[in-house]
1. Which residues' amide hydrogens lie under 5 Å from the amide hydrogen of Asp439, considering only partners 5 or more residues apart or on another chain, with H built in the peptide plane?
2. By per-residue mean of other Cβ atoms within 10 Å, what is the highest-first order of 162-172, 288-298, 262-272?
3. So if each residue of separation counts as 0.36 nm, and I subtract the Cα-Cα distance between Thr163 and Lys420, what length gain in nm does that give?
4. Using a Förster distance of 56 Å, how high is the FRET efficiency between Asn287 and Tyr456, based on the Cβ-Cβ distance and rounded to 0.05?
5. To the nearest Å, what is the center-to-center distance of the range 252-307 and the range 157-236, using C-alpha atoms only?
6. Under 5 Å between amide hydrogens, which residues at least 5 positions from Ser277 or on another chain qualify, with H placed 1.01 Å from N in the peptide plane?
7. If I stretch the segment between Lys323 and Phe19 completely, what's the gain in nm (0.36 nm per residue apart, minus their alpha carbon distance), one decimal?
8. Exactly which GluC sites (Glu not before Pro) in the range 350-438 are in a DSSP loop and have at most 12 other Cβ atoms within 10 Å?
Amino acid sequence: MYIKKSSLFWALFTIILLFLLFLILKYEPQKKENTQQHAILSAETTVPRRNAIVKAIENVLPAVVNIGTERISGNTGNNQLLQQLFDSFIRSQKQVKTFSLGSGFIIDPSGLIVTNAHVVTRATKINITTANGEISNAEIIAMDSINDIALLHLTNPPEGLKTIRCDNSGQLYLGETVIAVGNPFGLDSSVTVGTLSGKKRRFSYKGELLFSDIIQTDANVYPGNSGGPLINIHGEVIGMNMSAYENAPGIGFAIPLARIENVIAKWMIPERLEQASLGIIPGIRKNQETGLQEIIVADVLENTPASKAGIRKGIILEQYNGKKIYDLLDLSREMIRLKSGDKVTFKTSAGKYTLKLVPLDYDPLTTAKNKLSLDLTPLTPALAEELDLSQKQGLLVSGLTHDTPPGIKRGDILIQINEKNITSPGDLKEILKQLHYGDTAEASLLTTIPFRGSIYQVKQKVRLPVR
């Protein structure tokens, strides 16, 4: 039987069509499934990768700086006779330059930077490299070696400096994610992530308790991380990297933010940076009942607008110029910009005060009484003869205040402060201009000692806290 060609064609066409339909029905679900899986995979590898940790690091890095210091150090030697005879020559031959690296973070767009004191101790030159690669010189504004905190200032700060954000809640949680940011081994913008593994760690030295507030973390802290910020998951500073435990990798330590703020608040005042007198030293403390932090008046300087207005230590600072105070660092930023003649208003737990800043008074004898708690009078030849003193120049301690350091008595003669000779009120005035609240000065005094019917003058050294 003959089959028509047209019938054969349609039969083959139908078979091919059915075969193609079979393939479509078989592979289309798999293709759809693969497309869906690819979309899910793409979402998982793009969105979550830029997680909270990444965002925190992105927020803080522009405010972290690299600190390079240059020091002059001397090689040790035993030829002390030559050292005395040819001091300047021998010392110049022994001096060598050494370099070290550290980290810091910007707290004010004017170029103020916080770091560890040990990072810049004895530095003859300080170079700051910001996140965008710009290099500037810096000078030390103040330094507290015991607390290991230093405040630097860029001599020519570039425009648009980014500042750090702080966690002003005062809350630390064991196990929370923390990030140590810095420049270990000179590697810029390095981060290590870990957990907050301890708080209120106690540090003692020779049996004496130094600190009871140290933060412990397992985020690795390497050389060069010192002075860099320790931040939380929100990119806010909770502390400053301090050191690592040498014999136990994974144990690092940081200075808590509250202590940093309390220390630098003593320095960020108009008396130090603007030569204007207000008299308020702000501070921070934790309310024992609520557990919340409070901004308070930590100290009041004598014979200042604040003391004359009746402001007392310990009262809570609630508002500054009509704005609620949340953060001690924010308040400090406002205070360093005050100048003589400015008026400010504080709302406190004891009432409202309006104060006008005045120029610093550098009458040397009055300033010495306020700053050093020394009541002094010039030693004249006539007075020295009357008191039977062999020393004819200097400033006589004529009275004591309630804050006069132990070991000083009436009749002692102040002859040096910080190794600078004092023979007159004029000498004292120049030295006092260099002393600021929170500093410690080393004074040399001649004190009289009776022995076997005679009076001898003996030189003694006394450390003077500066107010």
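The numbers here are math on the coordinates, done by the rules we state, and not lab data. A quick note: this is a predicted structure, and the numbers were derived from the prediction, not measured. As a convention, Cβ positions derive from the backbone with ideal geometry for all residues, glycine included, and neighbour counts pool all protein chains shown.
1. Counting only residues 5 or more places away or on other chains, the set is Val466.
2. 262-272, 162-172, 288-298
3. 88.7 nm
4. 0.55
5. Between the Cα centre of the range 252-307 and that of the range 157-236, the gap is 21 Å.
6. Under 5 Å from the amide H of Ser277 lie the amide H atoms of Val358, Leu360, each far enough along the sequence or on another chain.
7. 101.5 nm
8. Glu419
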